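All remarks here apply to the structure that follows.
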Amino acid sequence: MDVFGGSLPWRWLVVRPLLVSLAMVLSVPAAAEECVVTIGPHDRLGRGRPVVVEAGESLENALALDGDVILRRGARVKSAVAVNGNVILEPGAKVTGSAASFGGQIRVAEGAKVSGSRLQLSDGVKIRSENGKDLNLALSVAGEDVSSLLVAKLVEKARTCRFEAGNGEIKL
């Protein structure tokens with residue numbers, strides 16, 4: 001059954017971040033290795049604080065760990081990711097690619113837009129395709145919400161990452 005009405009490549013783009021997160025969480029060798037995230041010249045990162053993209057600014061990536069990503073009116077980013085935080089788009093803000101929140105919500109005000117897909121891992125898995133179709137999953141194992149377990153492991157792993165200047169790569 002075609003849930004999203006899209007092609008396999010689109011589904012791969014939406015499901016891939018979730019699969020990478022699952023692999024990172026479940027992989028014992030990955031937990032033992034160092035995690036390095038390089039931040040490019042057009043990226044903005046916040047640890048323990050919000051990342052605010054002001055009106056008129058344009059960035060490649062906005063990433064917050066233990067904080068929110070906030071896009072003000074007229075701000076533009078290619079991707080917005082919050083780990084243990086929310087992605088918040090004010091009216092007129094735009095994400096030209098994907099938005100993801102692990103442990104928070106994606107809030108899109110009227111007049112704001114996410115052109116790509118949305119992935120929200122909190123109180124279940126919520127995915128919205130580029131064409132606006134939604135998929136919501138609530139999974140539990142032995143009474144434990146799987147999304148909460150995944151978020152806890154992902155946040156734990158992300159907090160051990162080293163962030164450095166570079167070309168915007170993630171090495172796990």
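The values are calculated or read from the model by the stated rules, or taken from the named source; none is laboratory data. What you are looking at is a predicted structure, and each value in this text was computed from that prediction instead of being measured. Note that we place each Cβ from the backbone using ideal geometry, even for glycine, and neighbour counts take in every protein chain shown.
Details
- Filter pass, residue 67 being crowded, with 16+ Cβ neighbours inside 10 Å, touching a strand residue (DSSP E or B) at 6+ places or on another chain (Cβ under 6 Å) and not in a strand (DSSP E or B): yes
Yes or no, residue by residue, for (1) among the acidic types (Asp, Glu); (2) in a strand (DSSP E or B); (3) crowded, with 22+ Cβ neighbours inside 10 Å:
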site: 111; (1), (2), (3): no, no, no
site: 116; (1), (2), (3): no, no, no
site: 120; (1), (2), (3): no, yes, yes
site: 127; (1), (2), (3): no, yes, yes
site: 132; (1), (2), (3): no, no, no
site: 135; (1), (2), (3): no, yes, no
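- Meets criteria (farther than 18 Å from residue 72 by Cα, out of contact with any His (no Cβ under 8 Å at 6 or more places or on another chain) and not in a loop (DSSP other than H, G, I, E, B)) for residue 147: yes
- A single member of 37, 83, 52 is buried (at least 18 other Cβ atoms within 10 Å of the Cβ), in contact with a strand residue (DSSP E or B) (Cβ under 9 Å, 6 or more places away or on another chain), at pLDDT 95 or above and within 25 Å of residue 151 (Cα to Cα), and it is 52.
- Residue in segment 138-148 that is buried (at least 18 other Cβ atoms within 10 Å of the Cβ) and under 16 Å from residue 64 (Cβ atoms) present: no
- So residue 60, is it of a type in the set (D, E, K, R) and either in contact (Cβ under 8 Å) with a residue 40 or more places away in the chain or crowded, with 22+ Cβ neighbours inside 10 Å (or both): yes
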